[in-house]
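The values are calculated or read from the model by the stated rules, or taken from the named source; none is laboratory data. Please read all numbers here as calculations on a predicted model, not as lab measurements. Ideal geometry is used to build each Cβ from the backbone, glycine not excepted, and the neighbour counts take in all protein chains shown. Keep in mind that these areas ignore ligands, DNA and RNA; they rest on the heavy atoms of the full protein, side chains included. Shrake-Rupley method; radii C 1.70, N 1.55, O 1.52, S 1.80 Å.
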Amino acid sequence: MPRRIRSTVLPEWRDPRSVFLALAADASRVAWLDGGDDATTGRSVIAVARGDAPVVRAGGDADPESVYAALAREVGGLEPDPDRAGSRAAVGWHGWFGYEFGARTLGVPAADAGTPEAAFFLADRVIVFEHAARTVRLEWIEDGARDAADADEWVRRTTRRIDAIGSADASVDDRVSAAVPTVTAAPTRWRHSPDEYRQMIAECQAAITRGDAYQLCLTNRVEVDVRPDPVAAYLALRASSPSHHGGFVRIDDVALLSASPEQFLLVEPDGTVATKPMKGTRPRSADPATDAALRAELHASEKERAENLMIVDLMRNDLGRIAELGTVRVPHLLEVEEYPHVHQLVSTVTARLRHPLTALDAVRSAFPAGSMTGAPKLSAMTILHGLERGPRGVYSGAFGCLGVDGTADLAMVIRSIVLTPDGASIGTGGGITALSDPDEEVEETRIKARALIAALGGESPGAWTGPADGEHPAAAPDANARRTPPAIE
């Protein structure tokens, strides 16, 4: 029997949150790609790794090409299924690429991230929620008669468990209420103090004046001394910061909790590729008139528009390397999208993959995303490595699904929390140009981090603790010299 993807639609809609809590929340290797409670388009996916499922993990000494090769071994080799024509697979690799993995791929300096720089598990059985159609679908890979019998039993068992949840299960509601962490003023430390960050902005602008870069995406890092239940913390985050590209990914002792609003790459079965760089931010206001004025100010801002356009050009160039000639397009330019805490300036770049390239080729060409590096990319990343003096880790990377059919659905790791046994970390930053105002840039990092810190019960962004102004923390060791294959289980 050939290897193929099978699926079946269940009789009734179920809330993805309820299904996740009932079936997947306690798994050690799990992903919930979360379209949000009020989603009317797109989909959510719940994936749990089976005990013997392959896992790819790469540290700072791994060779990026061996990581891509390991991921590629599970892509393709499927029997065509006319019933699935045009449908993007949700079975496949689920996990993340960290920022330093991208730096090593490009051969620019990178600090030791301290967390896996790439981590994916293979999910051959998933639950898919199509928000527009309001349908729940089970999807799985079938490879041989024995596998078919085992999969049929999984379908029957999973269907029964989902049916038993009900549309308004009281026990699930109780668990959600109990999961929200108690807010306490947990110790919170910023890598760079406000004055130090202003000095870094000045150094960025000096580099721009010299012609070394056009734009630099400068970042800061926040450490919160908490060790919450990861699911509890994610439920608190998604309640305060709803998003259509959010997600929860746990791989052993590292968990990613994301309220990301930004799509990195969407690769469809027909080879269509889309990316939506997000550059330009204004806070929201509870007063409608003030909120409308902030939105208009963002759309009219010369600095924000220039920042967005530079990244659009960079992404056009990145996609152009793997696209059919003449297919790179910008169907949407400089549109303002609204989120609970911020207005964002967003553009869309599309292309069509050259045959026989897959989503992995698109990732290799475009990662890390230009919206998190600046332009030109290699020069920007080298300058930022010297300024930031420490790793970004999973932040600034990408997470989601690499389908076994060569497709992908990856979001940017922004507005995100990373939990490890050592505590919680949050990345925040913004694009620096010659027109940037240092005080406004400092405030932007606070705005972006505020809801994340609150979800963890950390100290307010106004209560800065970190290096004394002008004091530079020691640079993290450079682990770029030695390359070994990733751990593949």
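General observations
- Among residues other than Val226 with Cβ under 14 Å from its Cβ, the summed charge is -3 (Lys and Arg +1, Asp and Glu -1).
- Segment 1-85: equivalent-ellipsoid semi-axes (sqrt of 5 x gyration tensor eigenvalues, Cα, Å): 27, 21, 13
- 12 Å beta-carbon shell around Leu357, net charge (K/R +1, D/E -1): +2
- With the convex hull drawn over the C-alpha atoms of segment 301-383, the volume per residue is 115 Å³.
- Each Lys and Arg adds +1 at its Cβ and each Asp and Glu adds -1 at its Cβ; summed about the Cα centre, the chain shows a dipole of about 640 debye.
- If you plug the beta carbon distance of His299 and Glu203 into 1/(1 + (r/R0)^6) with R0 = 35 Å, you get a FRET efficiency near 0.75.
- Full extension of the chain between Asp37 and Thr382 gives 120.2 nm of extra length, using 0.36 nm per residue less the Cα-Cα distance.
- Prolate/oblate/rounded label for segment 220-310 (Cα gyration tensor, a/c 1.5): oblate
- Å³ per residue enclosed by the Cα convex hull of the chain: 141 Å³
- Modelled FRET efficiency - R0 41 Å, Glu79 with Leu333, Cβ distances, 0.05 increments: 0.50
- Summed residue charge, Cβ within 15 Å of Ala366's Cβ, Lys/Arg positive, Asp/Glu negative: +2
- Accessible area per residue in Å² at 1.4 Å probe, computed on segment 195-341: 41 Å²
- Once the chain from Arg354 to Asp252 is taken as fully extended at 0.36 nm per residue, the excess over their C-alpha distance is 33.1 nm.
- For segment 238-316: relative contact order, % (alpha-carbon pairs under 8 angstrom, 6 or more apart): 19 percent
- Using all pairs of distinct alpha-carbon atoms, the Kirkwood hydrodynamic radius of segment 1-154 works out to 17.2 angstrom.
- Shape descriptor for segment 323-368: Rg over Rh equals 1.12 (Cα atoms; Rh from the Kirkwood inverse mean 1/r).
- Cα gyration tensor, segment 60-110 - rounded (a/c under 1.5), prolate or oblate: prolate
- Carbon/sulfur fraction of accessible area - the chain, other protein chains in place, 1.4 Å, %: 52 percent
- Mean ellipticity per residue at 222 nm, deg cm²/dmol - from DSSP H runs of n ≥ 4 across the chain, formula -39500 (n - 2.57): -10000 deg cm²/dmol
- The slack in the chain from Asp229 to Glu324, taken as 0.36 nm per residue of separation less the alpha-carbon distance, amounts to 29.6 nm.
- Segment 249-392: C-alpha gyration tensor shape, a/c 1.5 cut-off, then a/b vs b/c: prolate
- Counting only alpha carbon atoms, the long axis of helix 230-240 and the longest principal axis of the chain meet at about 70°.
- Tilt relative to the chain, helix 194-210 - C-alpha long axis, 0 to 90 degrees, to 10: 80 degrees
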